[in-house]
Each structure stands twice: as structure tokens, then as C-alpha cells.
Amino acid sequence: MAKSKGKRVNLAIVGCGGMAGAHLRGYEELLQRGEDRFRIVAAVDEAKERAEGFADRLASQAGWEVAAFGSVDELLDSGLKVDGADICSPHGFHHVLGCQLLQAGVNVLIEKPIGITVKASKKIAATARRRGLVAATAEQCRRAIGQRTIHWAFNDGLLGDPTMWWAIQARWQDPEPVGGWSWRVDRRLGGCGMVMDSGAHWVDTMRYWFGEIDSVFARVEQVRDRRFRKGRRVVKGAQEDFWTAIFNFKSGLAGTWSWTISAPGKGFTQLTLAGTRGSIIDSDIFHPAAFQANGECQLTDGTTYSMGKLQEMYLDTLSAARREELFPYGITAGVPLELWDFIDALSRGRPVEIDAEEGMRSKAVSEAIYESGKSGQVVKVADVVSGKVDAWQRDLNRYWNL
Ligand SMILES: NC(=O)c1ccc[n+]([C@@H]2O[C@H](COP(=O)([O-])OP(=O)(O)OC[C@H]3O[C@@H](n4cnc5c(N)ncnc54)[C@H](O)[C@@H]3O)[C@@H](O)[C@H]2O)c1
């Protein structure tokens, strides 16, 4: 049982929509397990009734008095003492709210993808550096026991050196019905589609398991128009519905990632990760092994392990101290672990596992896919990180004054 020492930290939740609800459940789990070094003192949402709903729930679940605000301006003007803000807003506001809070002396944990573009992500990292504060990327997948296990299987010899992987999903989502508008279908707020939304998880995972990516070649398209009702108007969505991408890793590993919702007929999903001594398969190409132990491992001699068994084998290799570091209080799910990392970092004055700089490096891989799709050329990820290649992101950088 982890009973870590450190000061108590006061937190604000900014953006009280769907994912913030998952964070709330994560905070509740931490409390139930005995983590008492944090209080949530404020909830902020431009739809103030959502902030009030969070405040009411925390009052009844934890007995805390939580102030509700309609904007970060109101929170900062209130004079309430806040050590950290957990930002779960639409992508376009991540850098706006993040930098505003950092400038006011508040550490931030920002949902993935850290910024709407590479420049936006760099702005968050630079502001945190200047202010000497923590800017953390809320990326939960690599922290979950399933992903830690696969990292071990590839990096500790069981599966040998990784040599190739395929992550493919093709399915059909009828484009005809007009959907309800949300910020995700507006490029200025969402940044664009699944390459950088759920895809933010996979780009982080592949860097975590296999190391840095040298270059990317991709096609990214809108095969079908999709329309959404926004008030009285019907608008066209900006998101891609097809991509296929080839990744050249610095290690020599090659990977292929393809996705579409515009392939009529029977769909399929396959993830295969191959090493010189064996492979792992799963059926999730965005957050494999992060939520369930679905996959299977098979070695060249035919030995097979369920993912549950592989997790046991991995846990047996860990010292008690390392187990406590990775899975405090015995927690093995990603979201409570990412929240715990932020709380523990603020409480004890240590860095977080995934800071804004690390988030930016994953973000650059997503953007390299779009940049390659736009130019039709192979794109070096380093050129996207440096800003040398930015044609696809330029309109967004201009819109957000970056
Ligand atoms: N880690 C994950 O597994 C996961 C899953 C889903 C979403 N997300 C991420 O969480 C973030 C939020 O996504 P969501 O699905 O919860 O969206 P959502 O639309 O459900 O919630 C966003 C909330 O932010 C509020 N908001 C908008 N502008 C604001 C502003 N300027 N100030 C304060 N509040 C504002 C909205 O009113 C809304 O309540 C995104 O970054 C998304 O990518 C992560």
C-alpha cells in the first residue's frame, strides 16, 4: 500500500465533458485507495451547469466544497488557491487555457493531443519551462499494465528485436445520415480526425514500445463527405475517413498503420507486432492492451501465452519497489495512474513521466502523417518537430496566432 509523503495539492478540472467524467472516476478511485494528498477545489466549464454538476457530485462523493466557474478568467479572478489544473477541453483550447493557467502560476495536466499543432504544443512546453512549472500530457495508455507488459516483452528479450508491425482497421460507417455537430468535426477546434484524436494514443504507444520514428509516408483522404447539423445549418465535416501510413523507425523497424470507415461491406481489424522470436496480436489499433487483456503472444517454438499470463510473467520480474512506482496502491488502469503521476509530481516536486515536450514529440508523428499526405512526399519527423515542414498545419497556426 503506497502511503506517499508530500504536500497536499489543490486541483481544478477545466472542461467538464465526456473525458473529464472519466478523470472524475479516476480521482474517485484514488480516494477509495487511500490517496489523500489532493483536493479538487474548482470545476470550470463554459457550459457552467456542467461545472456545477461536477461540483455537486464531488460534494456528495467526497464531501468537498468545490467552486464552479464559467471560465478560466473567472477562476483566476476568484483568488482561489489552485496548484494544478486538469484540462479536458477541445483540442484548439489546450494551448490557450494551458498557457493562461501556467502564466498565472498553475501547473497543468492537459488531455491528448497536447497541442492542436506542433507549434501550439511547443508553446505550452516553453511557457512551463519559463515559469518553472509542470506541464504534463494526459496520455494514459502506456501506463496501463497491458502496455507496460508489451514494452517488457519487446525490450527484455522474450520476443527478440521488433522487426515489423501492422495496425489495420477497415469498416463502414454510412455517410448519409446527417450527424449532430461537435467541435471534433471543425478543423479549427479539433485539428483534424482520428490520426490525431484516438491516434494520439497509438503514436505515443509506438514510440514507447519501439523508439523514435525517422520518417513517414502516408496518404490521408476524405473518401466520403460527411455532414453535420449546426444550429440551422448543415456543414461538412473536416475529418479524414481514410489513411494508410508507413513508418521507418530509427532502429530499422517498419510499421504500417491504416484505417477507414468508408469501406462498405464486412469490416476487419488486425494488430500484429512481430519480433525475431515471436509476435503479439490484438484487435485494437488505437489503444491496444490499454483497457483489456484481449491479445495473444506466440513464440517461434509454438508456445502461446494469453495476455493475462504475459502480465503475470511481467509482474514477477518487478521488485516490490518498482511495482509500487509503476502501479501505486495496486492500480493498473491508465487514467488513475496518469492522475496519480501529476498529483505525486506536484506533491513531491518531481517531474512527470510524460511532459509537454514528450507529448509534442508524439504529436509531431501525427502531424508528419498529415504533412506527408499533403505533400505526397516522405516526411522526416525531425523536420516536423523543427517546424521546417508545416504546410498542413500553417492555416491552424495562423488562426490561433502561433
Ligand atoms: N484519453 C482519452 O482516452 C480520451 C478520450 C476522449 C477524449 N479525450 C480528450 O479529452 C479532451 C476533451 O474531449 P471530450 O471528449 O471530453 O470533449 P467534450 O466535448 O465531451 O468536453 C469538452 C468540454 O470542454 C468545455 N469547454 C469548451 N471550451 C471551453 C473553454 N474555453 N473553457 C472551459 N471549458 C470549455 C465544453 O463545454 C465541454 O464540456 C480532448 O482533448 C480529447 O481528445 C481523451
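Could you check region 322-370 and list, in sequence order, the residues that are free of Cβ contacts under 8 Å to residues at least 24 places away in the same chain and assigned to a helix (DSSP H, G or I)?
Scanning region 322-370 gives 322, 323, 325.
Restricting attention to region 232-241, report how many residues are in a loop (DSSP other than H, G, I, E, B) and surrounded by 14 or more Cβ atoms within 10 Å (Cβ to Cβ).
So the count comes out to 5.
Say whether the condition of being assigned to a loop (DSSP other than H, G, I, E, B), within 16 Å of the ligand (Cβ to nearest atom) and touching a residue at least 60 places away in the same chain (Cβ under 8 Å) is met by at least one residue in region 132-140.
yes
Out of 284, 301, I need the residue that is outside the structural domain of residue 31 (by TED's automatic domain parsing) and more than 20 Å from residue 167 (Cα to Cα). Which one?
301
So which of 244, 256 is under 22 Å from residue 382 (Cα atoms) and without any contact (Cβ under 8 Å) to a residue 60 or more places away in the chain?
Going through 244, 256 in turn, just one is under 22 Å from residue 382 (Cα atoms) and without any contact (Cβ under 8 Å) to a residue 60 or more places away in the chain: 244.
Please go through region 242-267 and give me each residue that is under 16 Å from residue 208 (Cα atoms) and either outside any strand (DSSP E or B) or not assigned by TED's automatic domain parsing to the domain that holds residue 194 (or both), ordered by number.
Listed by number, the residues that qualify are 250, 251, 252, 253.
Return the pair list, or none, for Cβ contacts closer than 6 Å from residues in region 34-51 that are more than 8 Å from the ligand (Cβ to nearest atom) to residues that are part of a helix (DSSP H, G or I) and among the hydroxyl-bearing types (Ser, Thr, Tyr), at least 6 apart or on different chains.
37/347
Would you confirm whether any residue within region 329-337 is surrounded by 14 or more Cβ atoms within 10 Å (Cβ to Cβ), at positive phi and of a type in the set (Ser, Thr, Tyr)?
Among the residues of region 329-337, at least one is surrounded by 14 or more Cβ atoms within 10 Å (Cβ to Cβ), at positive phi and of a type in the set (Ser, Thr, Tyr), which makes the answer yes.
From 85, 59, 12, 22, grab the single residue that is farther than 20 Å from residue 136 by Cα, among the hydrophobic types (A, V, I, L, M, F, W, C) and out of contact with any Pro (no Cβ under 9 Å at 6 or more places or on another chain).
59
Would you pick out the residues in region 184-205 that are within 8 Å of the ligand (Cβ to nearest atom) and among the acidic types (Asp, Glu)?
197
Which residue pairs have Cβ atoms closer than 9 Å, lie 6 or more positions apart in sequence or on different chains, and pair a first residue in region 166-184 that is of a type in the set (Asp, Glu) with a second residue that is part of a strand (DSSP E or B) and surrounded by fewer than 16 Cβ atoms within 10 Å (Cβ to Cβ)?
none
The values are calculated or read from the model by the stated rules, or taken from the named source; none is laboratory data. Here the structure is a predicted model, which is why all the values come from computation and not from measurement. Every residue, glycine among them, receives a Cβ derived from its backbone with ideal geometry; neighbour counts consider all protein chains shown.
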